Each structure stands twice: as structure tokens, then as C-alpha cells.
Amino acid sequence: MFRARLNTAFGTIELEFENQQELEERLSQAREYAAWISSHGSDFVVVKERQGDPFSDLRAVLPSGKVQLLKLPGNKGDMVRLAAFLSSNPPTWPELVEISGVANPLAYVKKGELSKDAAGRYTLEAKSRHYVVNDLIPNLRR
């Protein structure tokens, strides 16, 4: 999934594309899009509630169902926590490595922050979830 953001006088518009070729083709037409948006501003509908994925600014869910982090924290431990939190389903060890980009995820989190279930999937414990929701995600969104 490839994304492009278009900044306008009234806000930011994010566009998603299936592949890089499509993204590059559409970006070559960016001036046309901007002109059209400026002339059709009254056609837009204001959505009062955020619909869809509340974490779409932080992750992309690929057609295969895999998660890709769009914003990366400054340290590997936070990458692991964010990957575990944003995964659609609790990740297995290989999935956690792939999503976070960290070769040995357990080396970067404190003991007890991640728990492994009987199926070999990892979830965050309550204190770690609290940290991700109240500290990590707000800092990434600034």
C-alpha cells in the first residue's frame, strides 16, 4: 500500500494506491487534483466522527492481512510494543519480527511486557498497553 498526502488550504487529503507505479502516475497529475479540489470545495461532506481504522495514520493493513507500521518510534523497544499493539491479531514470533523490523524483539522489552499464549502468539500486558495508548501513540501523532 502506497500513500500520498495532499495539503490544501482547508486540510490534508490522504490518497492510497495499490502500487508504486500507480502512485507515480497519479502524482504527475497532482496539480490537476489540487485545482479540481479548489474549485469543488463545496462538494465535500464533513464527517463528524472518524470512521474506519482509528490507527490508519500509524499502520497500513496490506491485502494479505499483514500490518505495516507507517510511523516508527525512536527506539526498538517501542517498535516492538507498537507492532504488538497495532497487529490485527496477536502476532507470532516471525510476524512480530517482520512488523517491528527488530530481529530479536524480546531483547528490547522488559520481562513481562509481552506474554506468549499457548498458540505462540504475543500480546502486550496491561501496563505496556497503557504506555502505548497514553504515551507512545500521542507522541507519534505530534
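The values are calculated or read from the model by the stated rules, or taken from the named source; none is laboratory data. All values reported here derive from a predicted model rather than from experimental measurement. Positions of Cβ are backbone-derived with ideal geometry, glycine not excepted, and every protein chain shown enters the neighbour counts.
Quick one: in region 58-93, which of the residues that are aliphatic (A, V, I, L, M) and assigned to a helix (DSSP H, G or I) is nearest to Ala118 (Cα to Cα)?
The selected residue is Ala84.
Limited to region 80-94, what total is found for residues that are surrounded by fewer than 20 Cβ atoms within 10 Å (Cβ to Cβ) and either at pLDDT 90 or above or assigned by TED's automatic domain parsing to the domain that holds Glu18 (or both)?
Matching residues across region 80-94 total 5.
Is one or more of the residues making up region 38-52 modelled with pLDDT of 85 or more, exposed (fewer than 13 other Cβ atoms within 10 Å of the Cβ) and not in a helix (DSSP H, G or I)?
Checked against the condition, which is being modelled with pLDDT of 85 or more, exposed (fewer than 13 other Cβ atoms within 10 Å of the Cβ) and not in a helix (DSSP H, G or I), region 38-52 yields no hits at all.
For region 94-142, name all the residues that are basic (Lys, Arg) and part of a loop (DSSP other than H, G, I, E, B). Passing the criteria: Lys110, Lys111, Arg141, Arg142. The requirement of being within 14 Å of the chain's Cα centre (by Cα) and either at pLDDT 90 or above or exposed (fewer than 14 other Cβ atoms within 10 Å of the Cβ) (or both) is fulfilled nowhere in region 118-126; no residue meets it.
Selection of first residues in region 56-75 that are polar (S, T, N, Q) and of second residues that are not in a strand (DSSP E or B), restricted to Cβ pairs under 8 Å at least 6 apart or on distinct chains, gives the following pairs, ordered by first then second residue: Gln68/Met1; Gln68/Leu62; Gln68/Ile99; Asn75/Tyr108.
Sub-9 Å Cβ pairs linking a first residue in region 104-121 that is assigned by TED's automatic domain parsing to the domain that holds Lys76 to a second residue that is modelled with pLDDT under 90 and of a type in the set (S, T, N, Q), at least 6 apart or interchain, are Arg121/Asn89, ordered by first then second residue. Just one residue in the set Arg5, Arg59 is at pLDDT 70 or above, surrounded by 11 or more Cβ atoms within 10 Å (Cβ to Cβ) and not acidic (Asp, Glu); that residue is Arg59.
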